[in-house]
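Here is the structure we will look at, set down as structure tokens.
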Amino acid sequence: MTHSGQKVCFMTGASGLLGGEIALSVAGQGYTIFFTWNSSEEKAAQTLEKIRRISPESQMSHCDVSKPADISSAFATFREQFEQLDLLIASASNFFSTPLPDVSEQQWDSLVDTNLKGTFFTMQEAVRIMQKQPFVSRIISMTDISAELVWRNFAPYTVSKAGIQHLTRVFAKTFAPQILVNSIAPGTITIHPDKEVPVEEMMNNIPLKKLGDPLDICRAITFLLESDYITGQIITVDGGRVLQ
Ligand SMILES: NC(=O)c1ccc[n+]([C@@H]2O[C@H](COP(=O)([O-])OP(=O)(O)OC[C@H]3O[C@@H](n4cnc5c(N)ncnc54)[C@H](OP(=O)(O)O)[C@@H]3O)[C@@H](O)[C@H]2O)c1
């Protein structure tokens, strides 16, 4: 708990489009947020400013999650400032297309090291703190419905997200009953402004005929924060897209 009695959340990827909305929503539910950014310092600073309006003790720190030493260092900074960890949200993620058969080692490493290795070592640092606490804490990882689908041009990305789903189950079983570990698998929620995407065509492939809204993901996270009897689950929030 912080000086003002708030719960504490460590979050990676809060400088992201969806990540920023998640951080704000969690702050609104009474959490102080310690979040990391990697390349988007300005976006991170804007996000921190918004979060601090509702959760003034929140902090941010630089961390490249593809480097375990950076993760350790971010957690060391976290421990200097906070005495407990109630919630980890592991949201940092890299995403770009990698058509087969031309995937380079550098592309593979960039996607798998950020998404899978980064999530693993972030979760490992978190459980080292959470295990010693005399209360139940939570981890929420961020995967993607593509972990269940066959996207020919995104193999390293989808493999990394499938790996996160497996890690979620392993951590859930290993650290029960002290730590509840679940994952959110969004469909298409946000679209980067610099990317040209056939939105109409995408919506036609979604049974609910619309893209998701960050609020849909925030509601799923709120549900997990309020649930005491769910662990090891992947919650899909995709308007029914995996049914195709
Ligand atoms: N948005 C969607 O529609 C959607 C759909 C399916 C799944 N998801 C998943 O939901 C989560 C949140 O998505 P989003 O929209 O916020 O993603 P985003 O806008 O692409 O943001 C990615 C986030 O990850 C961080 N990141 C990237 N590489 C990093 C590295 N090496 N070290 C540390 N941080 C790094 C970025 O930080 P910097 O910018 O500071 O580098 C940023 O905060 C992700 O896990 C994503 O895969 C999202």
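Here I33 passes the criteria (1) part of a loop (DSSP other than H, G, I, E, B); (2) aliphatic (A, V, I, L, M); (3) within 15 Å of the ligand (Cβ to nearest atom); (4) farther than 23 Å from V112 by Cα except the one numbered (1). Might you let me know whether segment 139-157 holds any residue that is more than 16 Å from the ligand (Cβ to nearest atom), farther than 27 Å from T98 by Cα and surrounded by 14 or more Cβ atoms within 10 Å (Cβ to Cβ)? No, that holds for no residue. Selection of first residues in segment 84-101 that are closer than 17 Å to A27 by Cβ and of second residues that are of a type in the set (K, R) and in a strand (DSSP E or B), restricted to Cβ pairs under 6 Å at least 6 apart or on distinct chains, gives the following pairs, ordered by first then second residue: D86/K7; L87/R138. Within segment 222-241, which residues are within 16 Å of the ligand (Cβ to nearest atom) and either in contact with a strand residue (DSSP E or B) (Cβ under 6 Å, 6 or more places away or on another chain) or free of Cβ contacts under 8 Å to residues at least 40 places away in the same chain (or both)? L224, I234, I235, T236, V237, G240 - these are the residues of segment 222-241 that are within 16 Å of the ligand (Cβ to nearest atom) and either in contact with a strand residue (DSSP E or B) (Cβ under 6 Å, 6 or more places away or on another chain) or free of Cβ contacts under 8 Å to residues at least 40 places away in the same chain (or both).
Out of all the residues in segment 195-231, which are part of a helix (DSSP H, G or I) and modelled with pLDDT under 95?
Of segment 195-231, the ones part of a helix (DSSP H, G or I) are 199-204, 214-226.
The answer is V199, E200, E201, M202, M203, N204.
So for segment 75-91 (the condition being surrounded by 18 or more Cβ atoms within 10 Å (Cβ to Cβ), over 26 Å from V136 (Cβ atoms), modelled with pLDDT of 95 or more and under 16 Å from the mean Cα position of the chain (by Cα)), does at least one residue qualify? No: zero hits. The numbered conditions (1) near the ligand (Cβ under 8 Å from one of its atoms); (2) crowded, with 24+ Cβ neighbours inside 10 Å; (3) farther than 22 Å from A76 by Cβ are all true for V26 except (1).
Anything in segment 164-194 that is over 21 Å from the mean Cα position of the chain (by Cα) and at pLDDT below 95? List them, or say none. Within segment 164-194, just D194 meets the criteria.
The values are calculated or read from the model by the stated rules, or taken from the named source; none is laboratory data. Source: prediction; values computed, not measured. A quick note on method: Cβ atoms are made from the backbone with ideal geometry, for glycine too, and the neighbour counts reach across all protein chains shown.
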